[in-house]
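> Below you will find the structure I want to go over with you.
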Amino acid sequence: MVNKWRGDVALVIDGRQHVARLTLGALVELEDALEEPSLVALVERFEANRFSSRDVLCLLMAGLRGGSDLTEASLAQASIEGGPMAAARAAAELLARAFAVPA
């Protein structure tokens, strides 16, 4: 079950629904992997549409790490429902929901 207030984002990969969520540890890893000095810089990169497919892959992998058996290599080769645009949208949602305050 997807809980957007918990930061969950649903994504269908190879015909199976997965729920992704960014933990604090995953956010630390993202700063290092994507070579950004801060999370604000990473968010700004997405907001300015300056992100790469590697950024999307890293974000999705970080979000899936806790609840999926996918590896980075298998995710890179997977079929994502909705294609690259859906993957990019899910990555952006992960970032946005990691910092959303419930209304």
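The values are calculated or read from the model by the stated rules, or taken from the named source; none is laboratory data. Note that this is a predicted model, so its numbers are computed, not measured. Here the Cβ positions follow ideal geometry from the backbone for every residue, glycine too, while neighbour counts run over all protein chains shown. With ligands, DNA and RNA removed, areas are computed over all heavy atoms of the protein, side chains included. Shrake-Rupley method; radii C 1.70, N 1.55, O 1.52, S 1.80 Å.
> For the range 1-29, which positions are closer than 16 Å to residue 65 by Cβ and among the polar types (S, T, N, Q)?
Passing the criteria: only 23.
> Would you say residue 85 is open to solvent by 70 Å² or more (accessible area, probe 1.4 Å), part of a helix (DSSP H, G or I) and either free of Cβ contacts under 8 Å to residues at least 60 places away in the same chain or not polar (S, T, N, Q) (or both)? Walk me through it before giving the result.
On the way: open to solvent by 70 Å² or more (accessible area, probe 1.4 Å): yes; part of a helix (DSSP H, G or I): yes; either free of Cβ contacts under 8 Å to residues at least 60 places away in the same chain or not polar (S, T, N, Q) (or both): yes.
When the stated conditions are applied, residue 85 passes them.
> Still on this structure: Would you be able to say whether some residue in the range 85-92 is closer than 19 Å to residue 10 by Cβ and either of a type in the set (D, E, K, R) or over 12 Å from the mean Cα position of the chain (by Cα) (or both)? Lay out the reasoning, then the answer.
Restricting attention to the range 85-92, the residues satisfying the condition of being closer than 19 Å to residue 10 by Cβ are 85-92.
Checking the rest, the ones that are also either of a type in the set (D, E, K, R) or over 12 Å from the mean Cα position of the chain (by Cα) (or both) come to 85, 89.
Yes - at least one qualifying residue is present in the range 85-92.
> Based on this model, can you work out whether residue 11 counts as closer than 20 Å to residue 100 by Cα and either in contact with a helix residue (DSSP H, G or I) (Cβ under 6 Å, 6 or more places away or on another chain) or of a type outside the set (Phe, Trp, Tyr) (or both)? Reasoning before the result, please.
Details: closer than 20 Å to residue 100 by Cα: yes; either in contact with a helix residue (DSSP H, G or I) (Cβ under 6 Å, 6 or more places away or on another chain) or of a type outside the set (Phe, Trp, Tyr) (or both): yes.
So residue 11 passes the test.
Matching residues to (1) in contact with a Leu (Cβ under 8 Å, 6 or more places away or on another chain); (2) modelled with pLDDT under 95; (3) loosely packed, with under 12 Cβ neighbours inside 10 Å:
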| residue | (1), (2), (3) |
| --- | --- |
| 21 | yes, yes, no |
| 26 | no, yes, no |
| 48 | no, yes, yes |
| 55 | yes, yes, no |
| 58 | yes, yes, no |
| 65 | no, yes, no |
| 73 | no, yes, yes |
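> Here is a further query. Only one residue in 14, 69 is open to solvent by 80 Å² or more (accessible area, probe 1.4 Å), modelled with pLDDT under 95 and out of contact with any Leu (no Cβ under 7 Å at 6 or more places or on another chain), so which one is that?
Details: 14 fails: modelled with pLDDT under 95.
Result: 69 is the single residue among 14, 69 that is open to solvent by 80 Å² or more (accessible area, probe 1.4 Å), modelled with pLDDT under 95 and out of contact with any Leu (no Cβ under 7 Å at 6 or more places or on another chain).
> Report yes if some residue within the range 47-54 is touching a strand residue (DSSP E or B) at 6+ places or on another chain (Cβ under 7 Å) and either assigned to a helix (DSSP H, G or I) or under 18 Å from residue 12 (Cα atoms) (or both); otherwise report no.
The first filter runs over the range 47-54 and keeps only residues touching a strand residue (DSSP E or B) at 6+ places or on another chain (Cβ under 7 Å), leaving none.
Looking for residues that are touching a strand residue (DSSP E or B) at 6+ places or on another chain (Cβ under 7 Å) and either assigned to a helix (DSSP H, G or I) or under 18 Å from residue 12 (Cα atoms) (or both), one finds none in the range 47-54, hence no.
> From (1) in contact with a helix residue (DSSP H, G or I) (Cβ under 9 Å, 6 or more places away or on another chain); (2) assigned to a loop (DSSP other than H, G, I, E, B), pick out the condition that doesn't hold for residue 69.
Only one criterion is unmet by residue 69, namely (1).
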